[in-house]
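Heads up, the thing below is written out as structure tokens.
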Amino acid sequence: MGEPSKIIHFGSLPRDPDRDALLVEMRDPVRSLDELVFTPAIRGSLRRIEQEFRGRDAIAGLGLHPRSRLIFVGPPGCGKTVCAEALAGSLGMKLLYARFDGIVSSYLGETATNLRRVFTFAAQQNAILFFDEFDALGKRRDDPHEVGELKRVISSFLQILDAHPRDKFVVAASNHQGMLDEALWRRFDDVLEFPMAKAADLTALLQLRLRPVSTSGLDLRKAAAKMRGFSFADAERVCHEAMKALAMRGSRELAETDLALEIEQQAARLKIVTKTQRAE
Ligand SMILES: Nc1ncnc2c1ncn2[C@@H]1O[C@H](COP(=O)(O)OP(=O)(O)OP(=O)(O)O)[C@@H](O)[C@H]1O
Ligand SMILES: [Mg+2]
């Protein structure tokens, strides 16, 4: 629980030869879908994706393809990245994480060449190719602030995606869905929306994350009700901090006051973040 996915496979990954920059990371999924809290709509989509993947030969018999191009949208901290990883795990795949810091180059044409390198490599892997924070690449083509190079990059991305083997998974995640343009949307087989957590979702998250300690004296629903505006990631931090404090005291029994204190601290932290963002 809470561990980052392991990063593996350094040697033969594609690089930008001029800058010797890594274009992707190969991650071995460690999180599983069971430990995540999702809406019924997301669960339904995930089930369908897994079913179609298992039935891909029958589907191919009709000249059709299983859904393998997905876009995840929603606010920060609601599970887009972790879902991509857990989905890869459940399909028996690795996660091939695209690195925009390596891919995007200031040299003319080099970004598109890097994208081609990434897709060529991905075509040979048993992995989900994942473009996190996709809007970094997919800004609207008619945005007047974007120069010609970006337009070319998006066109190249779409061409490369169209030519990519249909049985290979490509997942993109974004928290600015308004910035993605029409031509991009059309290319995806399914759009999964990750909304902000409701109180009931946060209760479920508390139950999952606080499993290592005893919460028998606690009303987790009441605690979740105090987490207004918290993302899953925020609520998870509360659990981790509360359990750390407990461990340092040498106790395994979580008290209401422990949790309440961490919730307050997280709420204060969120206020600081919001203020800072407004000031920017
Ligand atoms: N739906 C969820 N269920 C359980 N845990 C979650 C969920 N969403 C997020 N988390 C926890 O919060 C952490 C951060 O979530 P994640 O990085 O997936 O968010 P994100 O939607 O990709 O955010 P961003 O838009 O900032 O990239 C995860 O590692 C996970 O442990
Ligand atoms: Mg993310």
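In table form, for the structure just shown:
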{"item": "Residue, nearest to ligand 2 (Cβ to nearest atom), within segment 50-69, restricted to residues that are outside any loop (DSSP other than H, G, I, E, B) and touching a helix residue (DSSP H, G or I) at 6+ places or on another chain (Cβ under 7 Å)", "result": "50"}
{"item": "Residues of segment 125-138 satisfying the condition of being at pLDDT below 95 and either assigned to a loop (DSSP other than H, G, I, E, B) or away from ligand 1 (no atom under 16 Å from the Cβ) (or both)", "result": "132, 133, 134"}
{"item": "Some residue of segment 62-80 being away from ligand 1 (no atom under 16 Å from the Cβ), open to solvent by 20 Å² or more (accessible area, probe 1.4 Å), among the hydrophobic types (A, V, I, L, M, F, W, C) and in contact with a His (Cβ under 7 Å, 6 or more places away or on another chain)", "result": "no"}
{"item": "Identity of the residue in segment 198-225, in contact with a Ser or Thr (Cβ under 6 Å, 6 or more places away or on another chain) and either assigned to a loop (DSSP other than H, G, I, E, B) or among the aliphatic types (A, V, I, L, M) (or both), that ends up nearest to ligand 2 (Cβ to nearest atom)", "result": "224"}
{"item": "Positions within segment 198-231 being within 11 Å of ligand 1 (Cβ to nearest atom) and open to solvent by less than 20 Å² (accessible area, probe 1.4 Å), in sequence order", "result": "202, 205, 206, 209, 230, 231"}
{"item": "Meets criteria (surrounded by 13 or more Cβ atoms within 10 Å (Cβ to Cβ) and either basic (Lys, Arg) or within 16 Å of ligand 2 (Cβ to nearest atom) (or both)) for residue 173", "result": "yes"}
{"item": "Test: residue in segment 233-246 that is basic (Lys, Arg), open to solvent by 50 Å² or more (accessible area, probe 1.4 Å) and either more than 16 Å from ligand 1 (Cβ to nearest atom) or without any contact (Cβ under 8 Å) to a residue 12 or more places away in the chain (or both)", "result": "yes"}
{"item": "When residues of segment 184-197 are limited to those that are in a strand (DSSP E or B) and of a type outside the set (D, E, K, R), the one nearest to residue 274 (Cα to Cα)", "result": "192"}
{"item": "Criterion: of a type in the set (Lys, Arg) and under 26 Å from the mean Cα position of the chain (by Cα) - qualifying residue of 252, 221, 269", "result": "269"}
{"item": "Flag if residue 76 is more than 16 Å from ligand 2 (Cβ to nearest atom) and farther than 18 Å from residue 165 by Cβ", "result": "no"}
{"item": "Candidate set from segment 84-104 (those that are assigned to a loop (DSSP other than H, G, I, E, B) and not hydrophobic (A, V, I, L, M, F, W, C)); member that is modelled with the highest pLDDT", "result": "92"}
{"item": "Conditions (1) small (Gly, Ala, Ser); (2) over 30 Å from residue 230 (Cβ atoms); (3) in contact (Cβ under 8 Å) with a residue 12 or more places away in the chain: number failed by residue 84", "result": "(2)"}
{"item": "Residues that are more than 8 Å from the chain's Cα centre (by Cα), farther than 20 Å from residue 137 by Cα and open to solvent by less than 30 Å² (accessible area, probe 1.4 Å), drawn from segment 81-100", "result": "86, 87, 88, 91, 93"}
{"item": "Selected residue (criterion: least open to solvent (accessible area, probe 1.4 Å)) from residues of segment 105-124 that are at pLDDT 85 or above and outside any helix (DSSP H, G or I)", "result": "123"}
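The values are calculated or read from the model by the stated rules, or taken from the named source; none is laboratory data. As the structure is a prediction and not an experimental result, all values here were calculated from the model. Cβ atoms come from the backbone with ideal geometry, glycine included; neighbour counts cover every protein chain shown. Just the protein is used for accessible areas: all its heavy atoms, side chains included, with ligands, DNA and RNA removed. Shrake-Rupley method; radii C 1.70, N 1.55, O 1.52, S 1.80 Å.
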